[in-house]
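FYI, it's all coordinate maths here, none of it is from the lab. What you see is a predicted model; the values in this text were computed from it and never measured. Counting neighbours? That spans all protein chains shown, and the Cβs are built from the backbone with ideal geometry, glycine included.
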Amino acid sequence: MRTWPQLVTEKISLLGFAGFKAGGIHILTVDDREKTPNFGKQLLNAATVIATPPIKIIGIRGYTRDLYGQHAIFDVYAKDLPKELSRKFDAKSTDDGISKAESLLESASDVMAIVAISPNSIGLGQKVPFVFEVAVSGKDPRSQYDYVKSILGREIRNTDVFQIGQNIDVFGITRGKGIEGPITRFGVKRKQHKSRKSVRAVGTLGPISPAVVMYTVARQGQRGFHQRTEYNKRILIISNTDKDAQNSINPPGGFKHFGLVKGDYIVVRGSVPGVPKRLVKMRQPIRGVSKKVLEPKVLEVVVK
């Protein structure tokens, strides 16, 4: 996630979270979109379940900005780091790291939280955790740093970042298709059956002069397995294992290619890029932020 919304809220919090795609279900709700023909009527929504185990705050990173962009000026790591983190990289905690970071805060333009999420915590086979940065809301680097320092080494759950009914942006890696030709990849029209040599190829690669093939010409290549962003996906359900039973969301036998969702999860309206078990990152919305958040009225969860 290269871009983050600039949010100044009363309560400072993380601006992002992550999870693993489990599968699709249907949610029967009452349409609460005003000024629509279907307002007040029942609406059957295709939805996606994302398993969201707690993320661990393992460090703090400060950035400074100049004409050439942002540059990291300090990293501070927690003392009690997960053992699996050594499979990823060597993160060492020093006693003078905090004091050095606080001395560089005046020149910092932004402060980010370094977080880790483990697939093994929800029963997946991968032991190596995913490590990435998450932005923090706040009006200045000092307030951001104080907040991340207060939660350093702790676990953050989905309800600490998102709330039911709000919109979020979803980042995922799409399902890979491998090498595809220009017909499938770009929708180029097939040539007639009497064409010379080929049918599923472009008619010409370009003029005779200049003797170059422009980047705009449709060619074969990789299709799928690209990072894509989907904006404004509404959260229909947020589950917390302390309050909710897990039997209501799982189909008989579990989700295909995933299994049973046993921990926290988020159900978003619509589809999410990627295949089951793939990492999905979520962020506070950056487009068309609505000040009014309505909790959807869920009538039934349809799982088969």
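Points to keep in mind about this one:
- Considering only Ala78, Ala113, Ala51, the mean-square fluctuation computed in a Gaussian network model of the chain, springs between alpha carbons under 10 angstrom, is largest for Ala78.
- For the stretch 126-159, applying the loop criterion from DSSP together with a ceiling of 15 other beta carbons within 10 Å to the trypsin sites (Lys or Arg not before Pro) yields Lys127, Lys139, Arg154.
- CD proxy at 222 nm, helix term only [per DSSP H run n ≥ 4: -39500 (n - 2.57); per residue of the chain; nearest 500]: -2000 deg cm²/dmol
- In order through the stretch 103-119: 3J(HN,Hα) via Karplus (6.51 cos²θ - 1.76 cosθ + 1.60), integer Hz, x for Gly, Pro: 6, 9, 5, 5, 8, 7, 9, 7, 10, 10, 9, 9, 10, 9, 9, 10, x
- Solvent-free Debye calculation, one equal scatterer per alpha-carbon of the stretch 214-285: log10 I(q)/I(0) at 0.17, 0.26 Å⁻¹ equals -0.82, -1.37.
- Hydrodynamic estimate: the Kirkwood radius of the chain over Cα pairs, inserted into Stokes-Einstein at 20 °C and 1.002 mPa s, corresponds to D of 96 µm²/s.
- Cα gyration tensor, the stretch 177-223 - rounded (a/c under 1.5), prolate or oblate: oblate
- Compared with the direct C-alpha span, the chain from Asp66 to Lys149 gains 27.4 nm at full extension, assuming 0.36 nm per residue.
- Full-stretch length increase - Leu28, Val301 - with 0.36 nm per residue and alpha-carbon distance subtracted: 97.6 nm
- Ordering of 192-203, 4-15 by burial proxy (mean other Cβ atoms within 10 Å per residue, highest first): 4-15, 192-203
- Annotation: amide H of Asp264 within the under-5 Å range of Thr52, Thr241, sequence separation 5 or more or interchain, hydrogens built in the peptide plane.
- Lysine pairs meeting the criterion (Cα under 26 Å, 8 or more apart or interchain), as found in the stretch 194-304: 27
- The trypsin sites (Lys or Arg not before Pro) found in the stretch 244-295 that occupy coil by DSSP, while having at most 11 further C-beta atoms within 10 Å, are Lys256, Arg287, Lys291, Lys292.
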